[in-house]
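Working notes, beginning with the structure itself.
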Amino acid sequence: MQAEIMLKNISSHLDDAQMNYPEHFIFAIGISSTLIYAGIACACHAILPSLFTTTASLAVNRLQDILNR
């Protein structure tokens, strides 16, 4: 029963996103990779503020543009 609900939710989400599973997987991996990179840059920036001064904000802006399409 739980599996049926989960599959229905997955199907609904993919329909809403207008993607099939492989397209969604690649898209989500790309978003998560960008977030991980931005997070590491932020941590380095916290230690040495002269490093990665615009990396996180540029990543957030790029992601916002992608997600608003």
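The values are calculated or read from the model by the stated rules, or taken from the named source; none is laboratory data. Not measured: the values here are computed from a predicted model. Quick reminder, even Gly has a Cβ in these numbers, built from the backbone with ideal geometry, and neighbours come from all protein chains shown. Heads up: the accessible areas ignore ligands, DNA and RNA and are worked out on the full protein's heavy atoms, side chains in. Shrake-Rupley method; radii C 1.70, N 1.55, O 1.52, S 1.80 Å.
What does the charge count near LYS8 come to, summing +1 for each Lys or Arg and -1 for each Asp or Glu among other residues with Cβ under 13 Å from its Cβ?
Details: positive: none; negative: GLU4, ASP15, ASP16.
Around LYS8, the surrounding residues sum to -3.
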For the chain, report the accessible area per residue in Å² (1.4 Å probe, heavy atoms, rounded to an integer). 82 Å²
Looking at the square roots a ≥ b ≥ c of the eigenvalues of the Cα gyration tensor of the stretch 8-69, which shape do they give, rounded for a/c under 1.5, prolate if a/b is larger than b/c, or oblate? prolate
